[in-house]
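Data first, discussion second: the structure below is written as structure tokens.
The values are calculated or read from the model by the stated rules, or taken from the named source; none is laboratory data. Just so it is clear, the model here is predicted, and its values are computed rather than measured. FYI the Cβ positions are ideal-geometry reconstructions off the backbone, even for glycines, and counts take in every protein chain you see. Note: accessible area is taken over every heavy atom of the protein model, side chains too, but ligands, DNA and RNA are not part of it. Shrake-Rupley method; radii C 1.70, N 1.55, O 1.52, S 1.80 Å.
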Amino acid sequence: MDVNEMLLRDGDTLLMQEGFIFYVFGYEHPDNRLLSFLKYIPSDVASKFPVRLLKHKWNLEGVELSRPEKLYTAENYQKFLTTLRNNFPHYLYFCPYRGKDVLSVPRSQIRKVYASHECLQRIFDTENKDTLQKEAVELVELLSKESKVPVKDFGIHGSVGLGMHNEHSDIDLVVYGAHNFKNLERAVNRLAEEGFFSHVFTKKIDQARKHRGRYNDRRFVYNAVRKPEEIDDPHGRLRYTPVKNVQFTAQVVDDSQNMFRPAVYPIKNYQPIDSESELPDDQVPDSVSSMIGYYRNVARTGDTIRVAGALEKVENIETGKTHYHVVVGTGIHGNEFIEPA
């Protein structure tokens with residue numbers, strides 16, 4: 001299929017003509033472009049990026065690749081923007097609806113697409129699977145059986161999906177659809193309680209998300225991606241205007257979209273933590289949106305969360321209606337987060 005006609009979703013992997021590997025971000029994209037984030041850099045141009053790189057190297061389609069040690073910090077994001085602006089400006093897009101440059105790849109520059117569901121199907125179809133590929137298939141079949149989520153609604157990200165894994169790689173799974181995710185989450189928690197595998201808590205938020213596990217001494221993680229019928233984010237419908245940074249607590253009133261990226265948390269009972277975060281009634285936010293995948297699924301309906309982020313005015317260009325929300329992960333300020341209060 002022509003790449004210009006493909007429905008590409010959050011987390012699908014893009015190998016570019018110069019060898020960069022970007023991951024699709026979210027579901028709202030300009031014409032002929034895809035909002036993305038940079039994951040791997042061709043080693044022959046890595047010195048242009050003033051960030052710390054992991055020592056390990058990867059290889060895909062004959063290209064040696066390096067990976068930044070920290071991918072999602074605001075500091076590194078700004079360094080990526082500067083380097084790309086100076087050396088590879090076609091990977092930047094000035095978004096008139098956000099009033100700033102964002103990482104965005106031209107569809108015309110894509111060399112190869114690795115869609116997550118297709119990557120998993122290729123592993124299933126591989127005759128001589130290696131140990132890790134066998135473990136990935138075994139894990140998906142177990143999770144599918146226990147959750148009643150069809151195998152076709154799973155996918156795989158990361159080095160395993162790209163076929164450039166090593167013996168230490170994790171299994172990075174995708175499940176399509178909010179309903180499927182909820183069923184999978186229940187099954188994973190039940191299987192952990194029954195001792196089939198254990199939860200892995202390496203970061204503070206992991207205890208709230210419980211999305212990391214260890215199966216047969218292999219670490220795995222699972223996240224959600226929208227099904228086509230769950231996508232309703234046409235680019236250019238909304239305009240976002242920054243107001244100021246705020247810190248507050250609030251109560252989550254809906255957890256039906258908190259598992260995706262961006263993760264959306266409708267809220268009530270906004271309570272400012274400091275005087276700078278006090279707001280007039282007409283600017284009180286009605287939701288929090290996390291651009292950082294780390295803050296997916298950290299709170300459920302009824303939970304109280306503590307948030308630091310950027311207050312934005314959101315205007316529907318078609319109707320003129322406005323409301324306010326808070327964004328976590330602007331790529332500008334480092335101290336932005338969502339956590340259970």
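Descriptive notes on the structure:
- For the stretch 11-34, filtering for residues that are closer than 18 Å to Ala224 by Cβ and hydrophobic (A, V, I, L, M, F, W, C) leaves 2.
- Of the set (1) farther than 18 Å from Tyr295 by Cα; (2) open to solvent by less than 70 Å² (accessible area, probe 1.4 Å), all apply to Glu185 but (1).
- Verdict on Asn166 being out of contact with any Pro (no Cβ under 8 Å at 6 or more places or on another chain), of a type outside the set (Gly, Ala, Ser) and either at pLDDT 95 or above or over 30 Å from Val63 (Cβ atoms) (or both): no
- Take the conditions (1) open to solvent by less than 30 Å² (accessible area, probe 1.4 Å); (2) in contact with a strand residue (DSSP E or B) (Cβ under 8 Å, 6 or more places away or on another chain); (3) of a type outside the set (A, V, I, L, M, F, W, C); (4) in a loop (DSSP other than H, G, I, E, B); Gln257 misses just one of them, which is (1).
- For the stretch 205-215, the count of residues that are within 18 Å of Phe337 (Cβ to Cβ) and within 15 Å of the chain's Cα centre (by Cα) is at least one.
- Residues of the stretch 192-231 that turn out to be open to solvent by less than 80 Å² (accessible area, probe 1.4 Å), hydrophobic (A, V, I, L, M, F, W, C) and out of contact with any His (no Cβ under 7 Å at 6 or more places or on another chain), as a count: 8
- Residue check for Leu8: open to solvent by less than 20 Å² (accessible area, probe 1.4 Å), among the hydrophobic types (A, V, I, L, M, F, W, C) and either free of Cβ contacts under 8 Å to residues at least 24 places away in the same chain or more than 27 Å from Glu230 (Cα to Cα) (or both): no
- Within the option set Pro242, Pro280, Pro234, being open to solvent by 70 Å² or more (accessible area, probe 1.4 Å) and either modelled with pLDDT of 95 or more or closer than 30 Å to His117 by Cα (or both) holds for one residue only, Pro242.
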